[in-house]
Structures are given as structure tokens and as C-alpha cells.
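Peer 1: One structure follows; several queries about it will come next.
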Amino acid sequence: MYTRPMSASAPFDLVVQGAQVYTPSGLVQTDVGIRGGKIVQLGVTAQAPTAATVDARGLVALPGAIDSQVHFREPGLEHKEDLESGTRAAVFGGITTIFEMPNTKPNTDTAERLFEKLQRADGRAHCNYAFFIGATAENADELASLELLPGCAGVKVFMGSSTGSLLVADQETLERVLRSGRRRVAVHCEDEPRLIERKSLTEVVDASVELHPVWRDDETARLATERLLKAARNTGRPVHVLHVTTAQEMAMLGENKDIATVEVTPQHLTLSAPECYQRLGSRAQMNPPIREEHHRQALWQALQMGIVDVLGSDHAPHTLEEKAQPYPKSPSGMPGVQTLLPLMLNHVNHGALSLNRLVDLICSGPARIYNICGKGRIAVGYDADLTLVDFGAKRVVEDSAMQTKSGWTPFAGMTLQGWPSMTIVGGQVCMRDNQLVSPPAGKPVRFWDVPAL
């Protein structure tokens, strides 16, 4: 591989040596030279001055993994999670960048509240971060300016009620939101009128969590996604449909790729009803729900056909005490930022998808659809965010290993092959061999279509 000579006055801060590096040209065994938080050379000469080296032989170096949907609960719900613990869980899972959702207490729906989150993250976040602004009827006309604030990942719309009070339920307000601004809008698609109409299904004696996908059925998801696509066409606004769960939605979305991008979660690709509810109870409860096996298979088919653009964990922790409440009082959501990558590496090892497709879903895909600067590739000039993976490592998932404050995972007891061994954020090794090895190094994410901080 071509190497550019480096002067003795410009040493590397870090050299990652001997990994199989996932470059734009494919996997190449080479060294990665890092300086000032950037990748400055691929194929480092042994004579180049270096402040530190990492022996990465036997590992695969991927571009830093991006989880573009997490709920870290700060401010207001820090007993479940906070920005320090959530980003710590992220780097233990090989994630170098997160986008955090706005349904906190108070909601992140003003410039002041976004700025407060950025202040809270400064010096405490172990990985890079950006925050969504929540759309409401009250702030709809201000979103065009709010979405351009530094550190803002974009606008998030809840079409159906979930955890928190953010809600855009009617079509008129939805189109007002979409007309206010130009960046891609992330949307939770469940039809609120249908949820209200069917809520009585859960109001029975001894209601079981197995009713969750009955109440929030596939038609609830289909109706909302259909309405969203109509609004997107009417306004000319690109949208990103979060945690898609149904075969019907994927069929529609496959016909609308010019205006809509698509996310799926590892849990919807891995679990299916009714088995997961029988085994896990409310630990399997989330919105939209885990559905029947034929929907899971449809998600995989859509992923293989290229309809799916990104994977997100929808990390949404609650305490086990909260989860133990009788359904439907039990809250929806599960931890996932630490297990996103191991679950998908296990799927790669078992032949369900290729490494190329995985990198597209968790690295280049998020960077592409959200216009992220400097991330998603291992290339000269890009940010020095790397996820080093041991594809041969086998480990049992354990609740006790989870860094989230909630202290549990729905995947406890599963044996997975393929685990992150090292997480490098901005040129700093922050996690190595399941140990935190440096202070928080995370910085706000930069976007091509947003002014810099």
C-alpha cells in the first residue's frame, strides 16, 4: 500500500499495528497512523516517530460503529441511565458515535434544552454524540432553525405515543413539521388514533404482555408509515423511518426509497413473538413490538435487498423494578447499545449477512443519510474512530457485564461469536479487553448541513 513519507517533526500520536483494516478498497492488513484525532496515514513505516502503538494483530479494524437511535434518559430519568453510563455502555459495545433521542424530562424541544444536553455531555461522554430535537405542535414552525443548531442530529417525530409526552398525531401538524426545514426527519411510525381505539384490548383482568403486539398491531405500524410517506410526498421532505417491524411497511418503503430511508433493530431481527414474551415477559416489551416470525423474516429479506439503510439499537432502558409492573403498566423499552454490534457480528459469523453489509449498516449508512462529517470510513483525513473486532471470540451475554444503569439485557444467556476488543474514539483508546482505559473522549458530531460548534 502507498505510504506518504512523514517528517520527524510530525510524529503519530497513535499507530494501530497489524490489523485487517476495512478500507474503502476492502480488507487490507496494514497499520493506521493517527495524529490530532485524525487518520493521517495507512501503511505506516516502522521508522516513523510514534507516541504510542497498539498491537492489533488478529483483529479486524472497522470504521467506528454509529448507533443513531439511543435513549440515555438525561435529564430527568437518571435512575435508569445518564450520558456517562450510556456512552460507557456504547464504547464497551464498540460504538464510537451515538444520536440521542429527545423524550427526556423535560423534552429536548428548544434551543436552550439542546444546549443544556451538550453542556451535560461535555467531558462526560465516552463516545461522540449528537442530540435530536423533538417535534411538537408548539415548536413546529421553529424547527427549520432548531435543526441547524450545532450538535443537533435533526428532528424526531413520534406519530404514536410511546415513552414520554412528545406526540405529533394528526396529519396537519405532521405536514407542518415536515415543511419546517430541510434535513432528514426521523420518525416513530405508530398510528395514534388506532392505538387509542385498541387500548381496551389490554384493559382486561390478568392482561399478559403477549397482548402487546396485538394492541400495537401491524396495521398500526402500516397506517402510520403510509401517512408519513404521503406527508413526505406532499412536502418534499426526506424522512427516516425508525425501527420498522412489519412486512407491509417494508413493501411500501421499497417503493419509496427516493424519499424514505429505513432503520431496523437487532432485537427485531433476532427475537420473535410469541416465544420472546413467553420467555422474557415484559423484558421483551418495546414500541413498536417484537412481532411474529414472518415479520422477522421479512425484515431480513428487506435488509438483504438493500431496503434497510441502517441499524439502530433503540437503547431504551428501564429498571427491572419498573419492568416487573403488571402489563400494561410495565414500560416499553430495552437496553441495546452494548449488544448491537455483538449480535450482528454473530449473525455475520453464522452467514446471515456479509461483513460488507454490516459495515454499510452501522458505519457508512448512518454517515450517508445523516450527512455526518468525517465518519463512516477508515481513510486519510477522516476522524480516528475505529472499532477493533475479534471475530473468533465466543462469549455468553451476561447481565452483570452490562454497563447500563438498568443492569440487564434481553439477550442474557445467549452465546455470541464476534466481539469488540477495542474502541478508539478520536484517536484515543477508550475501551480495551472489556476495560475502560481512558477518560471520556467524546465530542459533538459535525454535520455537512449544520454550522460547526
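The values are calculated or read from the model by the stated rules, or taken from the named source; none is laboratory data. Remember, it's a predicted structure, so these values are computed and weren't measured experimentally. Neighbour counts are summed over all protein chains in view; Cβ atoms, including those assigned to glycine, are modelled from backbone coordinates with ideal geometry.
Peer 1: Can you give me the number of residues within segment 373-396 that are over 20 Å from GLN417 (Cα atoms), aliphatic (A, V, I, L, M) and surrounded by 24 or more Cβ atoms within 10 Å (Cβ to Cβ)?
Peer 2: Residues that pass the stated criteria total 2.
Peer 1: To continue, here is another question. Among the residues of segment 128-136, is any assigned to a loop (DSSP other than H, G, I, E, B) and under 27 Å from LYS375 (Cβ atoms)?
Peer 2: Yes, there is a match, as at least one residue in segment 128-136 is assigned to a loop (DSSP other than H, G, I, E, B) and under 27 Å from LYS375 (Cβ atoms).
Peer 1: With the condition kept exactly as written, say whether any residue in segment 436-447 is touching a Pro at 6+ places or on another chain (Cβ under 8 Å), aromatic (Phe, Trp, Tyr) and modelled with pLDDT of 95 or more.
Peer 2: No, segment 436-447 has no match at all.
Peer 1: Right, CYS276: in a helix (DSSP H, G or I), more than 20 Å from the chain's Cα centre (by Cα) and hydrophobic (A, V, I, L, M, F, W, C) or not?
Peer 2: Yes; evaluated as a whole, the condition is true for this residue.
Peer 1: Would you confirm whether or not segment 317-329 contains a residue that is of a type in the set (Asp, Glu), closer than 27 Å to SER406 by Cβ and either under 17 Å from the mean Cα position of the chain (by Cα) or assigned to a helix (DSSP H, G or I) (or both)?
Peer 2: Scanning segment 317-329, I find at least one residue that is of a type in the set (Asp, Glu), closer than 27 Å to SER406 by Cβ and either under 17 Å from the mean Cα position of the chain (by Cα) or assigned to a helix (DSSP H, G or I) (or both), so the answer is yes.
Peer 1: Something else: Is it true that some residue in segment 348-356 is surrounded by 18 or more Cβ atoms within 10 Å (Cβ to Cβ) and either within 22 Å of VAL214 (Cα to Cα) or in contact with an Asp or Glu (Cβ under 6 Å, 6 or more places away or on another chain) (or both)?
Peer 2: no
Peer 1: Still on this structure: Please determine whether any residue of segment 228-249 is of a type in the set (Ser, Thr, Tyr), surrounded by fewer than 20 Cβ atoms within 10 Å (Cβ to Cβ) and within 21 Å of LYS156 (Cβ to Cβ).
Peer 2: yes
Peer 1: Using the structure shown, decide if ALA260 is under 29 Å from GLY76 (Cα atoms) and surrounded by 23 or more Cβ atoms within 10 Å (Cβ to Cβ).
Peer 2: Considered against the rule, which asks whether it is under 29 Å from GLY76 (Cα atoms) and surrounded by 23 or more Cβ atoms within 10 Å (Cβ to Cβ), ALA260 comes out as no.
Peer 1: Taking the stated definitions as given, is ARG176 closer than 15 Å to ILE372 by Cα, out of contact with any Leu (no Cβ under 6 Å at 6 or more places or on another chain) and either at pLDDT 95 or above or of a type in the set (Ser, Thr, Tyr) (or both)?
Peer 2: Here the answer is no, as ARG176 does not meet what is asked.
Peer 1: As an exercise: evaluate HIS243 against (1) under 25 Å from PRO317 (Cα atoms); (2) over 22 Å from the mean Cα position of the chain (by Cα) and give the number of the one condition it does not meet.
Peer 2: (2)
Peer 1: Within segment 371-453, considering only strands (runs of 3 or more DSSP E) that don't extend past its boundaries, which have at least 1 residues that are touching a Cys at 6+ places or on another chain (Cβ under 7 Å)?
Peer 2: Those strands (runs of 3 or more DSSP E) span 415-425.
Peer 1: Sort out which residues of segment 14-47 are at pLDDT 95 or above and assigned to a loop (DSSP other than H, G, I, E, B), and write them in order of number.
Peer 2: Scanning segment 14-47 gives GLY36, GLY37.
Peer 1: Looking at segment 113-120, can you tell me whether even one residue there is part of a helix (DSSP H, G or I), in contact (Cβ under 8 Å) with a residue 60 or more places away in the chain and surrounded by fewer than 20 Cβ atoms within 10 Å (Cβ to Cβ)?
Peer 2: yes
Peer 1: Another one. How about segment 178-194: which of its residues are free of Cβ contacts under 8 Å to residues at least 60 places away in the same chain, under 16 Å from GLY236 (Cβ atoms) and surrounded by fewer than 21 Cβ atoms within 10 Å (Cβ to Cβ)?
Peer 2: Hit for segment 178-194 is ARG179, nothing else.
Listed here are the residues, each with its yes/no results for (1) assigned to a loop (DSSP other than H, G, I, E, B); (2) of a type in the set (D, E, K, R); (3) at pLDDT 95 or above; (4) crowded, with 17+ Cβ neighbours inside 10 Å.
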position: VAL205; (1), (2), (3), (4): yes, no, no, no
position: VAL214; (1), (2), (3), (4): no, no, yes, no
position: THR220; (1), (2), (3), (4): no, no, yes, yes
position: ALA224; (1), (2), (3), (4): no, no, yes, yes
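Peer 1: Might you check whether a residue that is under 30 Å from VAL348 (Cβ atoms), part of a strand (DSSP E or B) and out of contact with any Cys (no Cβ under 9 Å at 6 or more places or on another chain) occurs anywhere in segment 242-260?
Peer 2: For segment 242-260, residues under 30 Å from VAL348 (Cβ atoms), part of a strand (DSSP E or B) and out of contact with any Cys (no Cβ under 9 Å at 6 or more places or on another chain): present.
Peer 1: What are the pairs with Cβ atoms under 9 angstrom where one residue, in segment 203-215, is closer than 12 Å to GLN285 by Cβ and the other, located anywhere, is in a loop (DSSP other than H, G, I, E, B) and hydrophobic (A, V, I, L, M, F, W, C)? Sequence gap at least six, or different chains.
Peer 2: So the pair list comes out as LEU211/VAL204; HIS212/MET286; HIS212/ILE290; PRO213/ILE290.
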